[in-house]
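K.L.:
Got a structure here, written out as structure tokens. Questions coming.
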Amino acid sequence: MDNMNNNLPERDGFASRFGIIAAAAGSAIGLGNIWKFPYITGIYGGAAFIIVYLVCIAIIGSPVMLSEFAIGRRAQKNAIGSFKVLAPNTPWFVTGWLGFLAAFSILSFYGVVAGWTLDYIVQSLTNSFAGADAEAIGGMFGTLVSKTWTPIFWQVVFMAMTAGVVLGGIKDGIEKYTKILMPMLLVIIIILDIRAVTLPGAGAGVAFLFKPNWDLINGEAVLSALGHAFFSLSLGMGTMITYGSYIGKKENLGEIALQVTLADTAIALLAGLAMFPAVFAYGIEPAAGPSLVFITLPNVFQQMPGGYIFQILFFSLLAVAALTSSVSILEVVVAYFHEEKNISRKSAVITATVMITLVGMAASLSMGPWAGIKIPLPGFGSVNIFDWLDLFSANYLLPLGGFFISLFIGWGMEPEDVYEEVSNDGDLKVGYLGLFKIATKFVAPAGIAIVFLSNFGVFDFILK
Ligand code: TRP
């Protein structure tokens, strides 16, 4: 993004159409697709969960993404400021506040997981998984995450990298890297898919992904699918409002939202396809949780020609994918500190990074020495700090943010303004406008509300 966008003389803008997609897709595609999607699919039993997830993406995720882009481009402001500009003297800006809170809790544990990927790059370079079977690799992973200092060291390194990119200007960095590295990640995942589905014993994993079993689908599973739709698409937090404010006035927001949604969903499904055939082939427990990817893939790489190189490349690209996402999360907090609290960008970055890293350290310790500390979370029992931050943000804060964002587009803004924004003042034909209205007025808010209530058991008597 070296040059300013012609349409927006006073603000930075994305340099190219591809740059917009790369940055937004770079935010969406991250650990959510490759680490989290496979492991929660494993917990909730495979194909049936994926179907619920895809429905959430289609009828709630994609309209909320377009809503965020439209709000940001209309207001030309950050997540909290946008509501203040579009709806002055109303409480809508609280939506931005929720996003601030979500950014804080997501990035704290996100940095820990990204730190694990950095450790895995080093372990891949030194070939330390060589000859180890699934059980031994599982043991190595358990040892790593339960240590006191090693995971914290890598978390700090990763957070420093995130702060560095945000400080140096996201635009030059992100746009340049994502253009080359994201397609490379895609290629490696496809190679992994081919290896995984041709492993002896892969059939059970393929069946797990494609044959729905509805037994494990309850209120908690549906809320997790919805929460993950928001998490994976980077929604409900203001990231896409902020990025929307950088999109030029001539671009077709509906088309961009669709492309980013499709790219993110494709990567998640391909990651699942790389994982489950191998999970079953090696006798790994599909419901293993956060360790799933970290145990499964080193096994696959061992049985691949060139696996040594592929593994180094894969974990490096995964770290980069995590970085292009973490940067978009940190930016929400930094923009708030900088613009609303009037501190310099540099101090904003340092303050935000230090605070988030400290909370993240607690999350890291909760996988080891602090494992005994359990905090209650409605609907999910009592969980450790790491899981609490993850579950609370993805399943409560993001859907709540999305609820208000869709209500804001559906009921808060003038219909004329919404139409002008998505149609570029009438230049574009927006055949989907009717559907978009129905989605933002009714389907998305009602869907989110129903899923919330069902998680508290309100509808259990119907489902049972
Ligand atoms: N979507 C990213 C992932 O899948 C994580 C992420 C980046 C995010 N920005 C976000 C999640 C904003 C929620 C909200 O890894």
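K.L.:
Got a number for residues in the range 87-122 being without any contact (Cβ under 8 Å) to a residue 24 or more places away in the chain and either hydrophobic (A, V, I, L, M, F, W, C) or in contact with a Leu (Cβ under 9 Å, 6 or more places away or on another chain) (or both)?
P.N.:
Number of matching residues: 3.
K.L.:
Is at least one residue of the range 263-276 away from the ligand (no atom under 16 Å from the Cβ) and more than 13 Å from T41 (Cβ to Cβ)?
P.N.:
The answer is no; no qualifying residue exists.
K.L.:
Hey, could you check the range 228-247 for residues that are among the small types (G, A, S) and not in a loop (DSSP other than H, G, I, E, B) and say which is nearest to the chain's Cα centre (by Cα)?
P.N.:
Ranking the qualifying residues of the range 228-247, first place goes to S232.
Yes/no matrix, rows are residues, columns are (1) more than 24 Å from F141 (Cα to Cα); (2) touching a residue at least 40 places away in the same chain (Cβ under 8 Å); (3) over 18 Å from the mean Cα position of the chain (by Cα):
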site	(1), (2), (3)
A225	yes, yes, no
T261	yes, yes, no
G272	no, yes, no
G283	no, yes, yes
S291	no, yes, no
V300	no, yes, yes
P305	no, no, yes
I309	no, no, yes
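K.L.:
Right, next: Checking V320 against (1) out of contact with any helix residue (DSSP H, G or I) (no Cβ under 9 Å at 6 or more places or on another chain); (2) within 13 Å of the ligand (Cβ to nearest atom), only one condition comes out false. Which one?
P.N.:
(1)
For (1) part of a helix (DSSP H, G or I); (2) within 25 Å of F386 (Cα to Cα), each residue gets a yes or a no:
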position: F129; (1), (2): no, no
position: A132; (1), (2): no, no
position: E135; (1), (2): yes, yes
position: G139; (1), (2): yes, yes
position: F153; (1), (2): yes, yes
position: I180; (1), (2): yes, no
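K.L.:
Just to confirm my filter: which helices (runs of 4 or more DSSP H) fall fully inside the range 344-461 and include at least 2 residues that are free of Cβ contacts under 8 Å to residues at least 12 places away in the same chain and under 26 Å from I329 (Cα atoms)?
P.N.:
345-365
K.L.:
Please state which one of F109, F100 is within 13 Å of the ligand (Cβ to nearest atom), in contact with a Phe, Trp or Tyr (Cβ under 8 Å, 6 or more places away or on another chain) and at pLDDT 95 or above. Lay out the reasoning, then the answer.
P.N.:
On the way: F100 fails: at pLDDT 95 or above.
Step by step, each of F109, F100 is checked, and only F109 is within 13 Å of the ligand (Cβ to nearest atom), in contact with a Phe, Trp or Tyr (Cβ under 8 Å, 6 or more places away or on another chain) and at pLDDT 95 or above.
K.L.:
Right, G227: surrounded by 24 or more Cβ atoms within 10 Å (Cβ to Cβ), modelled with pLDDT of 95 or more, more than 16 Å from the ligand (Cβ to nearest atom) and over 23 Å from S82 (Cα atoms) or not?
P.N.:
no
K.L.:
Identify, from the list A207, A225, A196, A163, the residue that is assigned to a helix (DSSP H, G or I) and over 22 Å from N33 (Cα atoms).
P.N.:
The conditions single out A163.
K.L.:
Then there's this: Just to verify a result, which residue in the range 5-24, among those that are under 16 Å from L186 (Cβ atoms) and surrounded by fewer than 23 Cβ atoms within 10 Å (Cβ to Cβ), is modelled with the highest pLDDT?
P.N.:
I21
K.L.:
Determine, yes or no, whether S326 is within 13 Å of the ligand (Cβ to nearest atom) and of a type in the set (S, T, Y).
P.N.:
Taking the combined requirement at face value, the residue satisfies it.
K.L.:
Would you mind finding the one in E340, E331 that is out of contact with any Phe, Trp or Tyr (no Cβ under 8 Å at 6 or more places or on another chain) and either away from the ligand (no atom under 16 Å from the Cβ) or aromatic (F, W, Y) (or both)?
P.N.:
Exactly one residue qualifies, and that residue is E340.
K.L.:
For the range 249-259, state whether one or more residues are surrounded by fewer than 20 Cβ atoms within 10 Å (Cβ to Cβ), closer than 21 Å to G30 by Cβ and either in contact (Cβ under 8 Å) with a residue 24 or more places away in the chain or away from the ligand (no atom under 16 Å from the Cβ) (or both).
P.N.:
So far as the range 249-259 goes, yes, one or more of its residues are surrounded by fewer than 20 Cβ atoms within 10 Å (Cβ to Cβ), closer than 21 Å to G30 by Cβ and either in contact (Cβ under 8 Å) with a residue 24 or more places away in the chain or away from the ligand (no atom under 16 Å from the Cβ) (or both).
K.L.:
Also: So which residues in the range 16-44 are under 21 Å from M65 (Cα atoms), more than 10 Å from the ligand (Cβ to nearest atom) and not in a helix (DSSP H, G or I)?
P.N.:
Within the range 16-44, S16 is the sole residue that qualifies.
K.L.:
Pick out the one residue from K77, K84 that is more than 19 Å from the chain's Cα centre (by Cα), away from the ligand (no atom under 16 Å from the Cβ) and in a helix (DSSP H, G or I). Step through it out loud before you land on a result.
P.N.:
Numbers: K77 fails: in a helix (DSSP H, G or I).
Checking each option against the conditions leaves just K84.
K.L.:
I would also like to ask the following. Can you find a residue in the range 118-135 that is surrounded by 20 or more Cβ atoms within 10 Å (Cβ to Cβ), at pLDDT 95 or above and closer than 30 Å to T242 by Cα?
P.N.:
Checked the range 118-135: at least one residue is surrounded by 20 or more Cβ atoms within 10 Å (Cβ to Cβ), at pLDDT 95 or above and closer than 30 Å to T242 by Cα.
K.L.:
So, one more: Out of everything in the range 112-131 that is among the β-branched types (V, I, T) and more than 14 Å from the ligand (Cβ to nearest atom), what residue ends up being farthest from the chain's Cα centre (by Cα)?
P.N.:
My answer is T126.
The values are calculated or read from the model by the stated rules, or taken from the named source; none is laboratory data. Predicted model, so just to flag it, every value in this text is computed and none were measured. Using ideal geometry, Cβ is built from the backbone for each residue, glycine included, and neighbour counts are taken over all protein chains shown.
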